Structures are given as C-alpha cells and as structure tokens.
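Read the structure below first, then the notes.
Please treat every number below as a calculation from the coordinates, not as lab data. All of these numbers come straight from a predicted model, not from anything done at the bench.
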Ligand code: 4NP
C-alpha cells in the first residue's frame, strides 16, 4: 500500500487489509510505504489513528518508511493510492512483469476507473470518506485473492 507520506492513506489501507486478513486467518505479508521519506520513522497521522480506532482497528504499530525499488521485487502487488503515486512507482519497475504489479487501489472497486483516493492531509473531514473507500477496496482484494 503506497501513498505520498505513508502517514495518512496507506497506513489505513495496510491496517484495514491486515485486519480483514487476520479475521480470515490469511497469512499475507501486508505492508505500506511512502514515495517520499519526509515522515520516515513517524507514527501514522493522529487523524488516521483515530478513524481506524473508531472501526476497531489499531494502526499504532506502524511507522512510516520510504518505498524502495526492492519492494517491487519483494511484493506480488503494489497498490498506489493516487495517480501521482502510480507514476512514481512505475519508475521503480524495470520489467513489464514488475510494471503489472503496480495497480491503482480503487480499480479493485471500479475497474479501469483509475480513480484516486483523495489526499486527506489538508482536509480533516476527509478521513471518514478515505476509510470507507479503502474498506470497500480491501473487501474486493480479499474476495479476489482469498484462495482458502
Ligand atoms: P499521505 O498524506 O500521502 O496519505 O500520507 C500526506 C502526508 C504528508 C504530506 C502530504 C500528504 N506532507 O505534505 O507532508
């Protein structure tokens, strides 16, 4: 799960998917990162922590880190939160196989819509909508890839 700062959107996406995977006993490796390293080492934004907590999800174990090229090799799927993140991530992909790993997360809900999860950093009222969008996307991810 990748956004710009890895403090607002992608920590929520990681936490929501991890929560759903835990409930189903799925042993997926789920992680998140930011295309920028500005907030490296920091906790998620307090507003993301609060909205996750509202829905019974603890994301305070997470710490921000910057995405690295190695992540493309290491993970099967890389979800970009928005179009700018997508463009940045594609720069890390060297083969067509690696490029295909990079996807827009909301395309799981609206295929080929290429919709972005809005950046809520400067919009405190946006966190509820962001949570709901990511929750729906994570339901689709579970439905699509749960092989149990
Ligand atoms: P995120 O949000 O990419 O969802 O983590 C942001 C976090 C920090 C900044 C921008 C967006 N920032 O400008 O520091």
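Gain in length, residue 61 to residue 109, computed as 0.36 nm per residue apart minus the alpha-carbon separation, to one decimal in nm? Working shown, then result.
On the way: separation 48, 0.36 × 48 = 17.28 nm, distance 2.76 nm.
The residue 61-residue 109 span can extend by a further 14.5 nm.
When the helices of the chain are scored as -39500 (n - 2.57) per DSSP H run of n ≥ 4 and the total is divided over every residue, the value at 222 nm lands at -13000 deg cm²/dmol.
P(r) tail for segment 2-145: Cα pairs beyond 28 Å make up 9% of the total.
With an a/c value of 1.5 or above and a/b not larger than b/c for the gyration tensor axes a ≥ b ≥ c computed over the alpha-carbon atoms, segment 1-60 is described as oblate. Between segment 4-28 and segment 81-148, the C-alpha centres lie 12 angstrom from each other.
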